[in-house]
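To start, the structure under review is shown below, and the notes come after it.
The values are calculated or read from the model by the stated rules, or taken from the named source; none is laboratory data. Model, not experiment: these values are computed from the prediction. Neighbour counts are summed over all protein chains in view; Cβ atoms, including those assigned to glycine, are modelled from backbone coordinates with ideal geometry. Keep in mind that these areas ignore ligands, DNA and RNA; they rest on the heavy atoms of the full protein, side chains included. Shrake-Rupley method; radii C 1.70, N 1.55, O 1.52, S 1.80 Å.
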Amino acid sequence: MSRFSGALQLTDLDDFITPSQECIKPVTIDKTKSKTGAKITVQEDGYYEESESGKQKLQKVEITLQDCLACSGCITSAEGVLITQQSQEELLKVLRENQKLKATGDNDLVRTIVFTISMQPILSLAHRYQLSVEETARHLSGYFRNLGADYVLCTKVADDLALIECRQEFVERFRDKEDLTMLSSSCPGWVCYAEKTHGNFILPYIATTRSPQQIMGVLVKHFLAEKFNVPGSRIYHATVMPCYDKKLEASREDFYSEVNGSRDVDCVITSIEVEQMLMEDERSLSQHEPVDLDWPWTDQRPESMIWAHEATMSGGYAEHIFKYAAKELYSEDTDNELKFKQLRNRDFREISLEKDDKTVLKFAIANGFRNIQNLVQKLKRGKGANYHFVEVMACPSGCINGGAQVRPTTGQHVRELTQQLEELYKKLPISQLDNSHTKDIYGDFLDGAHTDKSHDLLHTSYHAVEKLNTALNIKW
């Protein structure tokens, strides 16, 4: 069964995919074989073309991630979508080849291998192997070093930059138009769904700020490349993420650098793929020697590499931007921990700021496909201005419950597991964004905040996908 998020699947309102749904990429059919045409039938073992000359089984076509992005349909069961470009097998192949090049002294072809680990997989693997969050990060660093990594990083810097850029984008949009609705852009499942399904209608609402993964890609392939005096094309950048949708995001043409001749992120592996790699080695994570995560950004190393961003588990966009906008726009200081009101379900929450008996800011968090559908329908009915900003995530409970997080092995309910991961997250220190590290990066690499360079490198654009008459076949 596919682990892509519900927003990328043809689903019911419960965020699950049925095994009978299959993504089909059409093959070219030679029409000269039959003057009267042919028809396609669906049988248990595949698809058949029936014509005057008889019945012939059609080839099942392997499609790439790029095909998925160009398609107007949905990513459905793995039976029909064979993902080969980004997998642990491909990653290990690259690492083995690089080790051979190092051994033979062929330095002109050796790549600098950089791993970036996001917060949610660290929490997932900490729970899986019964380690503390800090211990898990250090053992993961040691494991990847043993595989051949030159640097193992966390996403803290990129998480900070994403929030700073997104909050500034919101304030600028709000000052231009107070009745705006801005939707977050860090979830690739949501963005891809919006491009394919609602196109030009919905795209103007979505923030242009890149996700932390793709900001990290820019920092690694440009900033660190300059610092290490290595061409960006000679850096192989792998990220560890909580959902398969991030593989699609990394494959977007928007994140291919013509200057470097490479993608900002070369390979994405997920929490569950890391678990599979460890199982194949027949070694637990704790058996790998712990090594500190790298901090190549500034001379001053922070006390901890592992940070939370507000109290929610998907980057803290709604919370942080609400606090910043209240202060910046209305000189209002809000509580450190905001109290969101739960509405129709636990995955749809809202908060508002009242001033002079008037609601001046109203934000929401919408997780899961059914809430995304309801949100889009509200916008189409002209009711979107009820909210000034909505943090949108395709997975129920957000990124902490990403589709590629490690699942329970003991029959434990996923919701109970999610609650345990949330408890781990709440114990982490809260990142202070306006720190010397981010200021140094803005100054040393981006020519300062709010510059053309920072906008070009930290923002992106979206593209409505033209619908084709191919995408989806449903076997009833």
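Some values worked out for this structure:
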read-out	value
Cβ-Cβ under 8 Å pairs, at least 6 apart or on other chains, the range 257-275 side closer than 26 Å to Glu226 by Cα and at pLDDT below 95, far side of a type in the set (Asp, Glu) and assigned to a loop (DSSP other than H, G, I, E, B)	Ser257/Asp264
Residue match in the range 45-53 (condition: open to solvent by 20 Å² or more (accessible area, probe 1.4 Å), in a strand (DSSP E or B), modelled with pLDDT of 70 or more and of a type in the set (Phe, Trp, Tyr))	yes
Single residue of the range 132-156 satisfying the filter (buried (at least 24 other Cβ atoms within 10 Å of the Cβ) and among the aliphatic types (A, V, I, L, M)) that is nearest to Gln120 (Cα to Cα)	Ala137
Top-ranked residue in the range 384-414 [being assigned to a helix (DSSP H, G or I) and touching a Pro at 6+ places or on another chain (Cβ under 9 Å); ranked as nearest to Asp245 (Cα to Cα)]	Cys399
Search result, residues across the range 159-187 that are open to solvent by less than 10 Å² (accessible area, probe 1.4 Å) and either among the acidic types (Asp, Glu) or outside any loop (DSSP other than H, G, I, E, B) (or both)	Asp160, Leu161, Ala162, Leu163, Cys166, Phe170, Val171, Phe174, Met182, Leu183
Residue that is surrounded by the fewest Cβ atoms within 10 Å (Cβ to Cβ), among those in the range 285-328 that are in contact with a Pro (Cβ under 9 Å, 6 or more places away or on another chain), over 30 Å from Lys362 (Cβ atoms) and of a type outside the set (Phe, Trp, Tyr)	Glu303
Residue that is nearest to Pro121 (Cα to Cα) [pool: residues in the range 420-468 that are among the basic types (Lys, Arg) and part of a helix (DSSP H, G or I)]	Lys426
Hits in the range 159-196 - residues which are free of Cβ contacts under 8 Å to residues at least 24 places away in the same chain and closer than 22 Å to Gln373 by Cα	none
Cβ pairs under 7 Å, 6+ apart, first in the range 403-430 and free of Cβ contacts under 8 Å to residues at least 24 places away in the same chain and open to solvent by 70 Å² or more (accessible area, probe 1.4 Å), second outside any loop (DSSP other than H, G, I, E, B) and hydroxyl-bearing (Ser, Thr, Tyr)	none
Subset tally (residues that are out of contact with any Lys or Arg (no Cβ under 8 Å at 6 or more places or on another chain) and open to solvent by 10 Å² or more (accessible area, probe 1.4 Å)) for the range 380-396	7
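Quick grid of which residues meet (1) at pLDDT below 95; (2) part of a loop (DSSP other than H, G, I, E, B):
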position: Gln213; (1), (2): no, no
position: Met216; (1), (2): no, no
position: Ala238; (1), (2): no, no
position: Cys243; (1), (2): yes, yes
position: Leu248; (1), (2): yes, no
position: Asp254; (1), (2): yes, no
